[in-house]
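Notes for the one structure printed next.
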Amino acid sequence: MEFLVKSARPETVKTATLVIPVGEGRVLGNLAQAVDTASGGAIATLLKRGDLAGKPGQTLLLHSLPNLKAERVLLVGCGKESPLSDRQFRKLVGAAHAALKGLGGADAAFALGDLEVKNRDAYGKARLTVETLADGTYVFDRFKSQKAEARPLKKITLITDKLAQAEVERGILHARAIATGMAFTKDLGNLPPNLCTPSFLAEEAKALGKTYPGLKVEIHDEKKLKALGMGSFLAVAQGSEQPPRLIVMQYNGGKKGEQPYALVGKGITFDTGGISIKPAAGMDEMKYDMCGAASVFGTLRAVLELQLPINLVCLLACAENMPSGRATRPGDIVTTMSGQTVEILNTDAEGRLVLCDTLTYAERFKPQAVIDLATLTGACIVALGSNTSGLMGNDDGLIEQVLDAGRRADDRAWQLPLFDEYQEQLDSPFADIANIGGPKAGTITAGCFLSRFAKAYKWAHLDIAGTAWISGGKEKGATGRPVPLLTQYLLDRTQG
């Protein structure tokens, strides 16, 4: 889908469908009033008949109104609240997009510029609009023998005034890159686990390196992981026929010699739980246990699309967690790359085992900050549900930067504590640390575990177990989160 900006009065825009908002109580904003006046009051007349009340998400399609260059006008209810929240604005845009699907026109123009959205300027509203529309067009039908018949919109024009045009264009630029990254993340997450293996993800990284020549890609195989002393990482993979891979991708868009930022992604391409095997119900969704790695891929893709002036290292810890005669047993003790020993009490707490060695490996890049992301704990879903990612870390400044990026990107996180009392739950009588801390505060103790391996730099951990995918039903699938948050964080670093 192509997104354009046009500085013009909406009544003069030639388009298949012109989208304008109507407030509850049949209230027309300035732009809608201009369209109504040009049409000789046709819109107001229809509204007086009660055809549309203006409640949030209501739509009414009008054909061939006089004196307009638009073939149709789509009225969209925006309710009575002002300013709108991000969620209300997204619902409005989504309702408009749903109404536009299947219409004969290949394009549409949105005249939403005079709607007020809380803490959003023209740039912010443009980003929300484009990201919502792009997300609404996403379809994963690669394995469907019969493709759904669709008549997608080919072009969307955002109508604005001259003063805001540059900011709207910037919003579209950033939103398109983020949408591209989210689609890439969703594609990887939605792939079946018989195809999406650690080796497959390594090939995806190589392909990305060919598409963007400035990207340096290294793949560390099982032999290299042994040489590095990654006993924890290897313990997770040893039960599977699929060999593990540590994927290293470096983008140097910033100043030469400037310390990079680092993203670390959990890439468990299928998680049975190992010997501590999971229940059968819903186990198919454990293909999404690589969504941390997929989101790093997507964020990197957005950065590459924008060619951000930043140095970035992306580390993907990829393995498959399977039971077999070779698999790690509960009670096994392994030595990590850091030299710390870990007693593995539960083989289904495997994400932290691949991440801890990868966090140690990240030290060699002397990063300014490291953010790891992982579908780490079911406890995070219990605590925060499916709307908000869990956030922990060792630096208050970094935590606030990540929280702020989430607010600005409408991809929110919430901080959880890493108090010393929680660290004590990981004590082991036989090793330096246990890989689980009992039934209480599971998300926090997982963060405490990782913190033991992230003392050399500023570090934040995002638990995306509740936000990375939607379970069951027609909407089932990867969400592409937290690509917007991470991209916003990196955008902020380039803007001082």
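Each value in this text was obtained by applying a stated rule to the coordinates, not by laboratory testing. Keep in mind that what you see is a predicted model, and the values were worked out from it rather than measured. Here the Cβ is made from the backbone with ideal geometry for all residues, glycine too, and neighbour counts use every protein chain on show.
Below are the figures for this structure:
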read-out: Cα gyration tensor, segment 423-496 - rounded (a/c under 1.5), prolate or oblate; value: oblate
read-out: Separation of alpha-carbon centers, segment 173-238 and segment 357-390, rounded to whole Å; value: 17
read-out: Sites ARG170 and LYS55 - FRET efficiency at Förster radius 45 Å, r taken between beta-carbons, to 0.05; value: 0.85
read-out: Segment LEU195-LYS154, length gained on full extension (0.36 nm per residue, minus Cα span); value: 11.6 nm
read-out: Highest to lowest packing among 259-269, 111-121, 317-327, scored as the average C-beta count within 10 Å; value: 259-269, 317-327, 111-121
read-out: Neighbour-count order for MET392, MET337, MET1, MET182, fewest beta carbons within 10 angstrom listed first; value: MET1, MET337, MET392, MET182
read-out: Segment 442-449 - phi-based ³J(HN,Hα) in whole Hz, Karplus 6.51/-1.76/1.60, Gly and Pro as x; value: x, 5, 5, 5, 5, x, 4, 4
read-out: Förster radius 22 Å - calculated FRET efficiency between ASP284 and SER324 (Cβ-Cβ, nearest 0.05); value: 0.65
read-out: Potential lengthening between ASP161 and GLU241 on full extension [0.36 nm per residue; Cα-Cα distance subtracted]; value: 22.9 nm
read-out: ALA106 paired with LYS14, simple spin-label distance in nm, labels 7 Å along Cα-to-beta-carbon; value: 1.4
read-out: Long-range HN-HN contacts of PHE270 with modeled amide H, under 5 Å; value: ASN321
read-out: For segment 180-494, alpha-carbon Rg over 2.2 N^0.38 Å; value: 0.90
read-out: Cα-projected label distance for GLN146 with THR45, points at 7 Å along beta-carbon direction, nm; value: 4.5
read-out: Within the chain, percent of DSSP bridges classed antiparallel, to nearest 5; value: 40
read-out: Note, ³J(HN,Hα) from phi for segment 376-384, Karplus 6.51, -1.76, 1.60, rounded to Hz, x at Gly and Pro; value: 8, 9, x, 4, 5, 5, 5, 6, 10
read-out: As computed over segment 2-158, the Cα convex hull volume per residue (Å³); value: 109
read-out: Loop-located trypsin sites (Lys or Arg not before Pro) in segment 156-262 whose Cβ has at most 13 other Cβ within 10 Å (DSSP); value: LYS255, LYS256
read-out: Ranking of TRP414, TRP469 by count of other Cβ atoms within 10 Å, fewest first; value: TRP414, TRP469
read-out: Point-to-point label distance, THR37-LYS366, nm (Cα→Cβ direction, 7 Å offset); value: 6.3
read-out: Residue-count net charge about HIS97 - beta-carbon cut-off 11 Å; Lys, Arg +1, Asp, Glu -1; value: +2
read-out: Gain on full stretching of the segment that runs from THR137 to LYS474 - 0.36 nm per residue minus C-alpha separation; value: 119.8 nm
read-out: Gyration tensor (alpha-carbon) shape descriptor, segment 165-214, a/c threshold 1.5; value: oblate
read-out: Förster-model FRET efficiency, 25 Å R0, LYS255 and ASP404, C-beta, rounded to 0.05; value: 0.55
read-out: Per-residue [θ]222 nm for the chain (sum of -39500 (n - 2.57) over DSSP H runs n ≥ 4, rounded to 500); value: -11000 deg cm²/dmol
read-out: Relative contact order %, segment 180-494, counting alpha carbon pairs below 8 Å whose residues are six or more apart; value: 23
read-out: Under the Karplus curve 6.51 cos²θ - 1.76 cosθ + 1.60, θ = phi - 60°, whole-Hz ³J(HN,Hα) for segment 25-37, x wherever Gly or Pro sits; value: x, 6, 8, 9, x, 4, 5, 5, 5, 5, 5, 4, 4
read-out: For ARG26, ARG127, ARG151, order by how many other beta-carbon atoms lie within 10 Å, fewest first; value: ARG151, ARG26, ARG127
